[in-house]
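First comes the structure, then the notes that go with it.
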Amino acid sequence: MAAVGCRQLLLPVLVVLLCLAGASSATNVTYDHRALVIDGVRRVLVSGSIHYPRSTPDMWPGLMQKAKDGGLDVVETYVFWDIHEPVQGQYDFEGRKDLVRFVKAAADTGLYVHLRIGPYVCAEWNYGGFPLWLHFIPGIKFRTDNEPFKTEMQRFTEKVVATMKGAGLYASQGGPIILSQIENEYGNIDSAYGAAGKSYIRWAAGMAVALDTGVPWVMCQQADAPDPLINTCNGFYCDQFTPNSNSKPKLWTENWSGWFLSFGGAVPYRPTEDLAFAVARFYQRGGTLQNYYMYHGGTNFGRSSGGPFISTSYDYDAPIDEYGLVRQPKWGHLKDVHKAIKQCEPALIATDPSYMSMGQNAEAHVYKAGSVCAAFLANMDTQSDKTVTFNGNAYKLPAWSVSILPDCKNVVLNTAQINSQTTTSEMRSLGSSTKASDGSSIETELALSGWSYAIEPVGITTENALTKPGLMEQINTTADASDFLWYSTSVVVKGGEPYLNGSQSNLLVNSLGHVLQAYINGKFAGSAKGSATSSLISLQTPITLVPGKNKIDLLSGTVGLSNYGAFFDLVGAGITGPVKLSGPKGVLDLSSTDWTYQVGLRGEGLHLYNPSEASPEWVSDKAYPTNQPLIWYKSKFTTPAGDDPVAIDFTGMGKGEAWVNGQSIGRYWPTNLAPQSGCVNSCNYRGPYSSSKCLKKCGQPSQTLYHVPRSFLQPGSNDIVLFEQFGGDPSKISFTTKQTASVCAHVSEDHPDQIDSWISPQQKVQRSGPALRLECPKAGQVISSIKFASFGTPSGTCGNYNHGECSSPQALAVAQEACIGVSSCSVPVSTKNFGDPCTGVTKSLVVEAACS
Ligand code: GAL
């Protein structure tokens, strides 16, 4: 009896205990007109995008730590439907697709997560993240009030939410996810969908809310986002944005930290001072959460890039570079900006800002409530520095900058004055194989064990090829199972045909893109490519025909499927015609003749990219063919020593795809050059930024270096396979590792105090003046030498400094004394330290150091 009574008593106690445990770790996330409210407290948050499939699971903890160290509170990622459901109903959450592990990596580092489910994501991702099978559902219309589409969208969204809930990852369950997004920038294009677009958005909002995640939902760029969804802003600047209700906070989901790269385009970058200005302006004018798109851009491995023509690198000029190394001074300066904004948090969450004009193009916003006061002073002028008066004090504001005053008096940071260090990096070549006169390859340092090759045959090789009259659109035919589709037909020449001039004719092929090669009787006859601005191709090439039957084989290739715009899913590819032969007396239109189709390459079918599957196709011959189209190459290489990131320099190759140990590192295309013009030597950060404002590498290959994640490598020997489409010489490729060459900083006497010295208005340490800080980028390194030091009026950039007319003779000795042998050092920028080489002149300190 007693025993029974005891058990009866125990069970409810256990239940209560369990509930308490759950309740104590759950976080309540709501919002009001000022901010997200976490456990009853309004928060000022800094967020950054890191997309899990654009790096590898072993990189995730390091990226998260760099995000945390950089002052981020939140990591944002899209969810990429196509990788999770490659076949309808078959889910995959393994490896780089392990979303649960990614979210947990954020939580383990003390970061919140914003999960942007979409499931349309744009993101320069193949087909905007939609799996191709979706396109083939009868009656489907994407992103509108269409039952088949809504059914699939809801099913996948439910799957993601259930997966997150199953792992306890919502804040409401004690997990890190505090925010979630449905759809993506639909407001930019919804007018094209008419009334059905409006009802679709209402449906999407209702569907999301019904999933009961316990955390708020957002819609970005959606002015009519229905309550309770928060409409948010995307852009280079969002300080002017206001949400659609006074009960919603002002959130910025995409602050573009740079821009994406296309094959055939110049490389975009965004100056640090301008990005910092945009961030400060946003918090100045009432914003409380902004997200860098991207904080780490990473790599479009495999065939994941969108487009068309999006490059394999998705570096984005982000604060963490493609390889996972911090990009300086961007990362460090933004870290200082975040610190300064956090110092204002008590005031920012207490009240709305009050606006104060300080003359033309200058304004102050003050957050004052009770004993707290923070102010932002902005000079929006694109040319002139200004001295403004605020609260009776004078403040110097460089053009296009914001000064941050966490106590409404002292400036802790100005967005245009960078104290943080900058670095130069170098790609260290690990040697390559060179080709000797007899065709054999000579290996240097990094043993590449010579190349085997396999010839990809021209035209149809499969027995079950499809023959049909007329030209078929490519994506509908391949379902994107491969980049490639062969179109094959033949013409019989009797002699004297009107499209012939003797044996000569002209072949004309019109294609929706993206690249095209033509073969006549098995021989290469010409090629053409589209571009990111227009993928359309019109190939015209003279050809020679022989009496009797002539084979015409056309290979059409895609380079990433469209990801943006109304009805982007219906933008086709491939040869839709006309295809014609023309001569002086007439034309033969082949557009409606019988064409035979083969999806993909023979080598793809044979899995040549995976050398662990032996294939008799491979030929080992020292005299392997070079600069010929349609060749597979294979070799072995040893893993580079150390832990620095590895890249392959594909200079010497044409266009293709590369695999390391069977894993695709993406498409390579070093022969696709950026236009000659449109670049600037040094980009003026002052004035509104746009994606074409600051470009580099004009006239050069858009991308030569391709990241090979360390986790793709194995100890000892690795397989590398290339499929070369246009022609190249693999003996020219080289392996490199990326490391920091120099660590530099340049700090002026008139910069604000070192930000670390600021604790609170009461506790602020004695005004010490600015300091120059240097820190070795890798754990275990110390500063081994000072390459350059100057106090006075030095000029130049990291790796390339010069003394000015005014220069203290003590600079080098002072820097050496403070920095040599330590992993980080701080040198006060003041005449107390260096003497005064030129009184009455504003001086600065420059130091360039090496770490080892
Ligand atoms: C936005 C979109 C993002 C990304 C970005 C450009 O419009 O929401 O997914 O495509 O543009 O990088």
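The values are calculated or read from the model by the stated rules, or taken from the named source; none is laboratory data. Just so we're clear, the structure is a prediction, and the values are computed from it rather than from any experiment. Neighbour counts run over all protein chains shown; Cβ positions are idealised from the backbone, glycine included. The accessibility values were calculated without ligands, DNA or RNA, using every heavy atom of the protein model including side chains. Shrake-Rupley method; radii C 1.70, N 1.55, O 1.52, S 1.80 Å.
List of remarks:
- Across the chain, Cα pairs under 8 Å and at least six residues apart give a relative contact order of 12 percent.
- Per-bin percent of Cα-Cα distances, the stretch 191-346 [5 Å]: 2, 9, 14, 16, 16, 15, 15, 10, 3, 0
- C-alpha center-to-center spacing [the stretch 794-845, the stretch 479-527] in angstrom: 67
- Positive-end residue, the stretch 466-600 charge dipole about Cα centroid, Cβ charges, pick of T576, S592, L536: S592
- Accessible area in the full protein assembly, largest first, 1.4 Å probe, for C683, C408: C683, C408
- Computed [θ] at 222 nm, helices only, for the chain once each DSSP H run of length n ≥ 4 contributes -39500 (n - 2.57): -5000 deg cm²/dmol
- Computed with a 1.4 Å probe on the full set of protein chains, the accessible area for L516 sits at about 0 Å².
- Rolling a 1.4 angstrom probe over the protein heavy atoms with all chains in place gives the chain an accessible area of 38 Å² per residue.
- A Cβ-based charge dipole, computed about the Cα centre of the stretch 576-666 with Lys and Arg at +1 and Asp and Glu at -1, lands at about 400 debye.
- By the rule of a C-alpha distance below 15 Å, with chain neighbours fewer than 8 residues away ignored, the aspartates and glutamates paired with K66 are D58, E76, D108, D321, E322, D336, E775.
- Sites matching trypsin sites (Lys or Arg not before Pro) across the stretch 224-309 that sit in DSSP coil, with at most 13 neighbouring C-beta atoms within 10 Å: none
- Separation of alpha-carbon centers, the stretch 48-110 and the stretch 198-252, rounded to whole Å: 23
- Two-site label geometry, V100 and A195: point separation in nm, points 7 Å out along Cα→Cβ: 4.5
- Amide H partners (placed H, <5 Å) of G526, local residues excluded: A518
- Placing +1 on each Lys and Arg Cβ and -1 on each Asp and Glu Cβ, with no other charges, gives the stretch 466-600 a dipole about its Cα centre of roughly 500 debye.
- Scanning the chain for DSSP H helices at least 15 Å long along the axis (C-alpha atoms) with a Kyte-Doolittle mean no lower than 0.0 picks out 2-25, 194-210, 272-284.
- Paramagnetic label zone (point 7 Å from Cα along Cα-to-C-beta, F524; backbone N under 12 Å) in the stretch 721-736: 724-729
- Charged neighbours of P611, selected by a Cβ distance under 13 Å, balance to -1 (K, R count +1; D, E count -1).
- Dimensions in Å of the chain - Rg and Dmax from alpha carbons: 30.1, 110
- Protein accessible area in the chain, 1.4 Å probe - carbon and sulfur %: 52
- Of all lysines in the structure, those lying under 16 Å Cα to Cα from K585, and not within fewer than 8 positions of it along the same chain, are K494.
- The length gained by stretching the chain between Q781 and D643 to full extension, at 0.36 nm per residue less their Cα-Cα distance, is 48.3 nm.
- Simple Cβ-charge dipole of the stretch 749-851, Lys/Arg +1 and Asp/Glu -1, about Cα centre, in debye nearest 20: 180
- A cut-off under 15 angstrom between Cβ atoms defines the neighbours of T842, and their net charge, with Lys, Arg +1 and Asp, Glu -1, is -3.
- Look at the dipole of the chain built from charges on Cβ: of L334, A210, S262, the Cα furthest out on the positive end belongs to L334.
- Proximity of backbone amide H atoms, modeled 1.01 Å from N, is registered between L251 and C233 at under 5 Å, excluding neighbours fewer than 5 places apart on the same chain.
- Charge context of S247, other residues only, Cβ under 15 angstrom, K/R +1, D/E -1: +1
- Between the alpha-carbon centres of the stretch 397-429 and the stretch 659-697 there is a gap of 25 Å.
- Here the contact order of the stretch 466-600, divided by its residue count and restricted to Cα pairs under 8 Å and six or more residues apart, works out to 42 percent.
- Sequence-separation-based contact order of the stretch 749-851, relative, with Cα cut under 8 Å and 6+ spacing, percent: 37
- Cross-link partners of K843 among lysines (Cα-Cα below 18 Å; sequence separation of 8 or more within a chain): K396, K832
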